[in-house]
1. Would you work out if the stretch 132-198 is rounded, prolate or oblate? Take a ≥ b ≥ c from the square roots of the eigenvalues of the alpha-carbon gyration tensor; rounded if a/c is under 1.5, else prolate when a/b is larger than b/c, oblate otherwise.
2. Taking θ as phi - 60°, what are the ³J(HN,Hα) couplings along the stretch 88-104 by the Karplus curve (6.51, -1.76, 1.60), each to the nearest whole Hz, with x for Gly and Pro?
3. Describe numerically, in nm with one decimal, the distance between label points set 7 Å from Cα along Cα→Cβ at V163 and at K177.
4. So which of K113/K193; K126/K193; K26/K96; K113/K198 end up more than 32 Å apart, counting from Cα to Cα?
5. Arrange S167, S24 by Cβ neighbour counts within 10 Å, fewest through most, would you?
6. From the phi angles alone, apply the Karplus equation (6.51, -1.76, 1.60; θ = phi - 60°) to the stretch 71-82 and give each ³J(HN,Hα) in whole Hz, x where the residue is Gly or Pro.
7. Give me Y169, Y154, Y92 sorted ascending by neighbouring Cβ count inside 10 Å, so fewest comes first.
8. So what J values fall out for the stretch 171-181 if you push phi through Karplus, 6.51 cos²θ - 1.76 cosθ + 1.60 with θ = phi - 60°, rounded to Hz, Gly and Pro as x?
Amino acid sequence: MEDKPVDGFHDLETEVAHTEGKSSRKRIVLEILIYIVALYFAAFIVPRYILQRTIVVGDSMETTLQNGENLWVEKISYHFDKLKRFDVIVFYPHGKEDEEYYIKRIIGLPGEKVQIIGEEIFINGKLLTEDFGKDPIRNPGIAADPIFLAEDEYFVLGDNRTVSLDSRYEEVGPVKKENIGGRAIFRLWPINKMGPIK
């Protein structure tokens, strides 16, 4: 005589298996969605708003930075007025809608008066002590006369001051905050020089 299944037993097993299957599918779909969001964040949000790789073009920042070096540029601090004197920044001299960017060092901060007399830089009438310049300044450009920076402007120089096109020249002039792309913080390449940028 065959044992007959208890009423509802097989139905209960089927219902449990069906529920577990639905739960497993939901978990898989959720994991896929999390991966998609993470990939989107890494591919689009991070480089646009947080951290971006940039390549040095030209010799204007020698000897600190060399042509072809790869840098990490963080894009947050300048939004909160956290840029400091001597920070190295990336900016767009013709506005962010233009792809051309420069890499220079901040010398003058918003609201300051900058003037170059001979080979020396004066901030608010006081001599600036710094040793970033590869060579002495030969051409003060428009900074031969005092430059009064607005509350959203920075005065920048390249470390290689004999070849650098920077705030001394009318084509560049003081850099507006809205045209800053970020602060260079870390050298990625070449490997033997990998490390923070000073």
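1. Working: a/c = 2.94, a/b = 1.47, b/c = 1.99.
Oblate is the answer for the stretch 132-198, as a/c is 1.5 or above yet b/c matches or exceeds a/b.
2. Karplus-based 3J(HN,Hα) across the stretch 88-104 equals 9, 10, 9, 9, 10, x, 10, x, 5, 6, 9, 6, 5, 10, 10, 10, 9 Hz.
3. Rounded to a tenth, the inter-label distance reads 3.4 nm.
4. Numbers: K113/K193 35 Å; K126/K193 35 Å; K26/K96 43 Å; K113/K198 24 Å.
Violating the 32 Å Cα-Cα cut-off are K113/K193; K126/K193; K26/K96.
5. On the way: S167 27, S24 10.
By the 10 Å Cβ count, ascending, the order reads S24, S167.
6. Once rounded to whole Hz, the list reads 10, 8, 10, 8, 10, 10, 4, 5, 5, 10, 6, 9.
7. On the way: Y169 14, Y154 27, Y92 18.
The most exposed by this proxy come first: Y169, Y92, Y154.
8. 4, 10, x, x, 8, 7, 3, 5, 9, 7, x
Computed from the coordinates by the stated procedures, all read-outs in this text should not be read as laboratory data. Given the structure is predicted, the values throughout are model-derived calculations rather than measurements. Here Cβ is always computed from backbone atoms with ideal geometry, including for glycine, and neighbour counts include all displayed protein chains.
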